[in-house]
Every structure is written in C-alpha cells, then in structure tokens.
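Worksheet: the structure to be examined is printed underneath.
The values are calculated or read from the model by the stated rules, or taken from the named source; none is laboratory data. The structure presented is a predicted model; accordingly, all values stated were derived computationally and were not measured. As a convention, Cβ positions derive from the backbone with ideal geometry for all residues, glycine included, and neighbour counts pool all protein chains shown.
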Amino acid sequence: MTPIDFIQHILPPNHTPVKTGYGQAPVNIALSKYWGKRDVALNLPTNGSLSISLPELGTETRLSWHETGPDKITLNNEEMAPEAPFVKRLSRFLNFFRPDANGGFDVETLNTVPTAAGLASSASGYAALVKALDDCFQWQLAPRELSLLARLGSGSASRSLYDGFALWHKGERADGLDSYAEKIDQTWPEFCIGLLEIDTSTKPIGSTQGMQQTVNHCELYQAWPEKAEQDLATIHRAILDKDFQTLGATAENNALAMHATMIATWPPILYWQPESVAAMHRVWQLRQEGVTVYFTMDAGPNLKLLFLETETPALMRALPEMKCLKPFA
Ligand code: DP6
C-alpha cells in the first residue's frame, strides 16, 4: 500500500479546502521509545511506544490554500527557503492532500520549542498541521484518524494528538491502518517533567536517518523490539497503578537501551555531550541521596527528568537551571 492509498482509506471524499485551518498540538516525551521502522514509506514502527504530552510546549499552525503558486512556509515568523529540508519534508507531506497540482498551501507555524533540538518539535508540528488540514477541509475526523495521518508526517506525531499519556500501537497490518495512538485514561496531577537543556542547537543527525542507520547497521538492534514492547507494557501498568518508581526505572532503562543501540551502530551515533553524561551522574547521585528522580533522553543531548511534585524543592535546590513542567496542570 502506498501512502496515497492509505490516505484515501481515511479521508472523506470532500477534497476542497473550505476555510483557513487552525490547529495546535503539544510536544510529547516518550517514556517507552519508538526507534526503528518496519515500513519507511508508511512510517510503521518496529515497536509500540508510550508518551506524555507537555501542554505548555508545542506548535500552533494556520493553513490556507491558494489556487496557483508553490507552498509558502513560515516558521516562527520567518519565511523559509523552498530548498530548506524542513520545507521539502513538509511539502512532500502536503502532496498527499493537495486538491490539484497547480496550487499551494500557505502554512504559518509557531513553535514554542526549539526546532530539531531533541524536544520533538516534529511531533507537535505534524499533529498541529493535521488538525489544521482537518479544519481547512472540514473533514471532522476522529482523533484516531488524525493520529494515523499525523503518523505519516512523523511517527511520534501520532502521539501528539492527545494531552496526558498516549500509547501508539505498533499494529499488525501491512496497510498500517491499526498503527495509531490512543489516550491512556489516567490523570496524575503530581507528575512532573524537568527539562535539563544541555544544547539546543540542531542535532547532527535527525531521528529519521538515525533510526534507519541503527536498524541497518547495529547487531544489538535485534534485541530492541521485544524489550521495547515489554517496557511499554510495564510502564502502561505502572501508569494505571500510579507506581512511580517502576515507571521511572523502566523509562530510564528504556532510554539507555535505545541509546545503546545507537552507540553500537556503525558508523556510531552518539547524541550525548560530556555535559549530558555529567547530568546523568548527577541524577544517579541524587537518587543515592534519597531523591526519587529518573531521566529519559531522545535523539539529542538534553535530559528530561521524571519525578513527583514532592521532590520539586530538593531538585530545584540541586539543579536550579532545570525547567519544571506539569503535564496535568
Ligand atoms: C527518539 O518521530 O522524530 O524521539 O518518524 O522519522 O519522524 P520520524 O521520527 P521521530 O522519532 C522520534 C524518536 C525518539 C523516540 C520517541 O519519540 O518515541
């Protein structure tokens, strides 16, 4: 199945833009990671993943259609050059939805996260874009269908349709119609995320390329899909039981295992900076001192700390540079 066939399964026949579309979506942080695709064109993952959204950070997108001329993409109030990789990727995605080949979309996107800095701006970006398309064409799709469409733009975007915890099912079907994210029905007001920004400049290798390289050139990767599914089930259970220590320990181990596959790839992929490693040691030392805190990391050098509200004063004293976010505030 091609992405176009896939999209035709989901979209209603109405293919004419009706109005200017608007969408906004949060960033999400995976507690159990997505790393590897079993189908690159359809963005089908080798394993399921589970995330928490950060409503304070995300993307807002406005979108309209013009009958003639190419796409015009504005990111954070700056018009982007047509040859910029960001624009090329976006326009390729928009090709799936174009009513005809002569026209183009005007897309104005505002990010409240640094683009491509390991804080998953592509996740909130494609989720907001799909919501803006839904509004522009007035399709009125359900979240599950929006999640399927967002997945085609960026895998992790499938999870950014929801606030709170979200679970992206790996799915079994070759056509990918069962690989979407769903909200996990649990609120956890005490749950906190601490951002330790080590370096927010653009990363040397993006996730799409990094995971392909790992799948193709890492012998350890064979062990990943099974471990990832086990961790996902453990974290899901821990969320339902509000068992924070199991959640934190499993999430930290899952992130380190993902990075182990990256490091064992040839040529190696190492997103860590010396300061990232120093911060990991700091977290382990704080745990030894009795602070219940864990970390996770994505395809970048920054750490995201996981803890409950009771630990906030101790952590703010130990790590005053940390930005504290409350996903359920
Ligand atoms: C390490 O969703 O950015 O953040 O599907 O190719 O766009 P593409 O990749 P992307 O990968 C995210 C990888 C990760 C882990 C995660 O968010 O699950």
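List of remarks:
- Test: residue in segment 41-52 that is over 25 Å from residue 184 (Cβ atoms) and not assigned by the TED database to the domain that holds residue 298: yes
- For residue 121: the one exception among (1) within 13 Å of the ligand (Cβ to nearest atom); (2) at pLDDT 90 or above: (2)
- Qualifying positions in segment 247-286 - polar (S, T, N, Q), touching a residue at least 12 places away in the same chain (Cβ under 8 Å) and part of a helix (DSSP H, G or I): 250, 253, 254, 261, 276
- A search for C-beta distances below 9 Å between a residue of segment 168-192 that is within 30 Å of residue 324 (Cβ to Cβ) and any residue that is at pLDDT below 95, counting only pairs 6+ apart in sequence or on different chains, returns 189/329; 192/324; 192/325.
- All of 146, 133, 161, 177 fail the test of being in a loop (DSSP other than H, G, I, E, B), away from the ligand (no atom under 14 Å from the Cβ) and in contact with a Leu (Cβ under 8 Å, 6 or more places away or on another chain), apart from 177.
- Considering segment 17-50, the residues that are within 29 Å of residue 77 (Cα to Cα) and within 16 Å of the chain's Cα centre (by Cα) include one that is farthest from the ligand (Cβ to nearest atom), namely 24.
- Flag for residue 273 being closer than 30 Å to residue 218 by Cβ, surrounded by fewer than 22 Cβ atoms within 10 Å (Cβ to Cβ) and out of contact with any helix residue (DSSP H, G or I) (no Cβ under 6 Å at 6 or more places or on another chain): yes
- Residue selected from segment 164-174 under the condition hydrophobic (A, V, I, L, M, F, W, C) and either within 16 Å of the ligand (Cβ to nearest atom) or within 12 Å of the chain's Cα centre (by Cα) (or both), by the criterion farthest from residue 52 (Cα to Cα): 168
- Looking across segment 205-219, the residues that are part of a helix (DSSP H, G or I) and within 16 Å of the ligand (Cβ to nearest atom) come down to 207, 208, 209, 210, 211, 212, 213, 214, 215, 216.
- Segment 1-119 holds strands (runs of 3 or more DSSP E) entirely within its bounds, and those carrying 2 or more residues that are buried (at least 22 other Cβ atoms within 10 Å of the Cβ) and small (Gly, Ala, Ser) map to 21-32, 49-66.
- Residue 241 within 13 Å of the ligand (Cβ to nearest atom), more than 15 Å from the chain's Cα centre (by Cα) and either of a type in the set (Asp, Glu) or assigned by the TED database to the domain that holds residue 303 (or both): no
- Options 203, 170; residue that is closer than 27 Å to residue 24 by Cα, surrounded by 14 or more Cβ atoms within 10 Å (Cβ to Cβ) and touching a strand residue (DSSP E or B) at 6+ places or on another chain (Cβ under 8 Å): 170
- Checking each residue in segment 287-329 for being away from the ligand (no atom under 16 Å from the Cβ), in a loop (DSSP other than H, G, I, E, B) and either at pLDDT 95 or above or closer than 22 Å to residue 238 by Cβ (or both) picks out 289, 290, 291, 292, 319, 320, 326, 328, 329.
- Evaluated against (1) among the polar types (S, T, N, Q); (2) in contact (Cβ under 8 Å) with a residue 24 or more places away in the chain; (3) farther than 30 Å from residue 235 by Cα, residue 91 falls short on exactly one condition, (2).
- One residue from 219, 229, 252 being modelled with pLDDT of 95 or more, loosely packed, with under 15 Cβ neighbours inside 10 Å and either more than 24 Å from residue 294 (Cα to Cα) or not aliphatic (A, V, I, L, M) (or both): 219
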